[in-house]
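Heads up, the thing below is written out as structure tokens.
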Amino acid sequence: MNFPWHANAWSKLQNMIDQDRMPHALLITGVEKIGKFELMQQIVGVLLKDDVIIRKDNIREDLDYSVLIRHSNYPNMVYCRSGEMVEKSKNRSKNIRIEQVRVFCDALNKTADQLQIGVIFYGDQMNMSAANGLLKTLEEPRKNTLIIILAHHVENLPDTVVSRCQNIYIAPAYDQQTCQWLIEHIGKTQNADFDILQLLENTHGVPFKALSELSDGNFIHYQHYQNQLLNIAINPLMVTQIKEFEGNELVVLNCLQNIVIEGIRLKTIHQEGGLIELNQVIKAVKFEFLFKLLDDIYHTIKLSKTTVNIKLLLDIILIIWSHITHLKQYPQIIQ
């Protein structure tokens, strides 16, 4: 299935396939839930001339027993992933371990007449030993072999790995085609209740994340907090009237963080978004103050994991937010 926000990435891949210039290693990057796994499946389906066989692979499901790699329904394809159960401990590893990569590389080091494919997800969850263990296979790949690495955070991958791969980036999307796709997948009963562009803005252009937050009801609560925070920026006196933030400080901070990030994005591209109040704020606010506030929010979220009085810090953040369009100088509040 083609997703509209994959168009640029897929066009690049299609040109490689058409011109017979497919590299031995692809690195597919983009934020979480942007559809990297689905793009990988599309590539493999085209290369194998069979769009069905690997879609039967339930590789993203956790197993209740220990494995190092998993095999596809296509006999010459293997997967290496994080979250596998560690032998004997019955705990799941957050990282891809060196022993997994060794078995993965061994599986790809055999001679095969048909295309061999190895998929690592997510590559940025390899520990350093595992990443180093992959280098030889990346440097000296077997003929007729393709390695596909998926990564949320490419900056967490060693340069030695990144430089040996062809990077395919899936960008967040706010275009009309993506909005239309989201409308079709939300369903008619919900279309009237939500501003589609606002949904995308709140999830930073990640359609699958927008659907997820709608399905579990998180967006309803998020939207409520968002409206209150925007009202505070427009009507500063409201900052003393909101009581329901108490006990939900971290959720409110995350919501405000998303608002500020979206404000920075819109101010950077000189466009208006789907939120009238946010448009009013970004027209009046100094660019540098948004970045300083974002830094303070990040720091406050980090401090929330300590014994700090998070309510007090949120109150200070909200006071600054309520005056953000009128500040002459940004106050230093967090040391």
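The values are calculated or read from the model by the stated rules, or taken from the named source; none is laboratory data. Model, not experiment: these values are computed from the prediction. Cβ atoms come from the backbone with ideal geometry, glycine included; neighbour counts cover every protein chain shown. For the accessible areas, the whole protein counts, side chains as well, though only heavy atoms, and no ligand, DNA or RNA atoms are used. Shrake-Rupley method; radii C 1.70, N 1.55, O 1.52, S 1.80 Å.
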Q: Roll a 1.4 Å probe over the protein chains and send me the accessible area per residue for the stretch 217-323 in Å².
A: 52
Q. So which of Lys36/Lys56; Lys267/Lys292; Lys36/Lys209 end up more than 19 Å apart, counting from Cα to Cα?
A. none
**Q.** the stretch 1-53 - accessible surface per residue (Å², probe 1.4 Å)
**A.** 47
Q: Could you state how much accessible area His224 has, in square angstrom rounded to the nearest 10, with a 1.4 Å probe and all protein chains kept in place?
A: 90
Q) At a 1.4 Å probe, what is the % contribution of carbon and sulfur to the accessible area of the chain? A) 50
Q: Give me the angle, in degrees from 0 to 90, between the Cα long axis of helix 287-303 and the longest principal axis of the Cα atoms of the chain, rounded to the nearest 10.
A: 70
Q. Each label point is 7 Å from the Cα along the Cα-to-Cβ direction; what then is the distance between the points at Val46 and Tyr65, in nm?
A. 3.8
Q. Out of Gln271, Gln257, Gln228, any idea which swings most in a Gaussian network model of the chain, alpha carbons joined below 10 Å?
A. Gln271
**Q.** Distance between modelled label sites at Met16 and His323, nm, 7 Å Cα→Cβ extension
**A.** 5.3
Q.
If every alpha-carbon in the chain counts as one equal scatterer, what log10 I(q)/I(0) does Debye give at q = 0.09 1/Å?
A. -0.61
Q: Would you please classify the overall shape of the stretch 1-115 from the alpha carbon gyration tensor, given that a ≥ b ≥ c denote the square roots of the eigenvalues, rounded means a/c under 1.5, and beyond that prolate means a/b larger than b/c while oblate covers the rest?
A: prolate
